[in-house]
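These notes are about the structure you will find just below.
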Amino acid sequence: MKRRQFIQNTALTGGALATGLFSYSKNSSTQNQAHSFNLKYAPHLGMFKHHAGENSIDQLNFMADEGFKAFEDNEMRNRPIEVQKNMAATMQKRGLEMGVFVAHEIYWGKPNLASGNLEKRAEFLDYITKAVGVAKRVNAKCMTVVPGHLDLRQSMGYQTAHVIESLKQAAAILEPNDLTMVLEPLNFRNHPGLFLTGSPQAYEICKAVDSPSCKILFDIYHQQIQEGNLIQNMTAAWDEIAYIQIGDNPGRKEPTTGEINYKNVFKFIHEKGFNGILGMEHGNSKPNKEGERAVINAYKEVDSFF
């Protein structure tokens, strides 16, 4: 599933805000004790809608009832402010940490930050400024940044310099607010033509920006396709990785449905002392309640690495 599809899908569920009666309550079918996960896995809206219903607050409550410790919402910046506040209040009450949201408009088919275009840079920085307010409302610490498409009329060196300069200026906005933009490299198969594709490239850029507010989002699904060798590549970039996302390959569904040995990958992440959030940015391999329960059981399986 592509990021655009995630955003479209989550936008549909976020509108069912918690005003009035909730459709979900912890009843006899959900009386199981909340599982104690070793890592902070973060579901997204729509992942458990057949159990919890369309209401966003009900879905957050269901996640907490099942033992999840975090929540991720790419579309949070586009939700009404009152929705953001209500979701934040529920997360705080239920002990859910807020994961990433997408900080800006992503240009999928044309150059953006890589171009060096000053208008595009100004637009990006305006998005970052506005994202600070969103982050504070929902208690987020990280926001996703994707530099956009390659500029095929410029050499890679110039494009990299343009991106670094834009990110330095964005970091200057985020640092005083103790917020972090996480750069997400995306694979060539799902997103051909993008500027940022691999973890070594993201690592180089973060070192050049040299700011605690500019780090890497390591999406395991994307990097399994793009470069493989997951544990060694994560080790090499570890000091710049602030956020992790999950999806098995092929198919971008929950762990255990593809080729990635997630039990070993999560064991490595845990042993590294990672205290951040791991976003569940994938679809469900099966439909309806059966599929939602399969997702939960898959995470219980791969999280039991002791």
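Since every read-out is calculated from the coordinates, none of them should be taken as a lab result. The structure presented is a predicted model; accordingly, all values stated were derived computationally and were not measured. All Cβ positions, even for glycine, are placed from backbone atoms using ideal geometry, and neighbour counts span all protein chains on display.
Sorted by average packing, counted as other Cβ atoms within 10 angstrom per residue and highest first, what order do 220-228, 192-200 take?
My ranking of the peptides, most packed first, is 220-228, 192-200.
Add -39500 (n - 2.57) for each DSSP H run of 4 or more in the chain, then divide by its residues: what number comes out at 222 nm, to the nearest 500 deg cm²/dmol?
The helix contribution divided over the chain gives -13500 deg cm²/dmol.
Rounded to the nearest 20 Debye, what is the dipole magnitude of the chain about its Cα centre when Lys and Arg each give +1 and Asp and Glu each give -1 at the C-beta?
420 debye
Give me the net charge of G198's neighbourhood, meaning all other residues with Cβ under 12 Å from the Cβ of G198; Lys, Arg count +1, Asp, Glu -1.
With Lys, Arg at +1 and Asp, Glu at -1, the neighbours total -4.
Please give the contour-minus-distance gain from E227 to E54: 0.36 nm per residue of separation, less the Cα-Cα distance, rounded to one decimal in nm.
58.6 nm
Using a Gaussian network model of the chain whose springs link C-alpha atoms within less than 10 Å, name the residue from Q159, Q169, Q33 with the highest mean-square fluctuation.
Evaluated over the chain, the most mobile residue of the options is Q33.
Out of all DSSP beta bridges in the chain, what portion is antiparallel? Express it as a percent rounded to 5.
Of the beta bridges lying entirely in the chain, close to 5 percent run antiparallel.
What does the charge count around F305 come to, taking other residues whose C-beta lies under 12 Å from its C-beta (Lys +1, Arg +1, Asp -1, Glu -1)?
Value of the local net charge: 0.
Tell me the volume per residue, in Å³, of the convex hull enclosing the alpha carbons of the range 153-245.
93 Å³
According to the Kirkwood expression over distinct Cα-Cα pairs, how big is the hydrodynamic radius of the chain, in Å? Kindly include the intermediate steps, with their values, before the conclusion.
On the way: mean 1/r = 0.0511 Å⁻¹.
Computed over the chain, the radius equals 19.6 Å.
Just grab the label-to-label distance for E123 and D239, each label 7 Å out from Cα along the Cβ direction, in nm (one decimal).
Taking the simple label geometry, E123 and D239 are separated by 3.7 nm.
For the range 78-189, what is the Kirkwood estimate of the hydrodynamic radius, computed as the reciprocal of the mean inverse distance between distinct Cα atoms, to one decimal in Å?
Computed over the range 78-189, the radius equals 15.0 Å.
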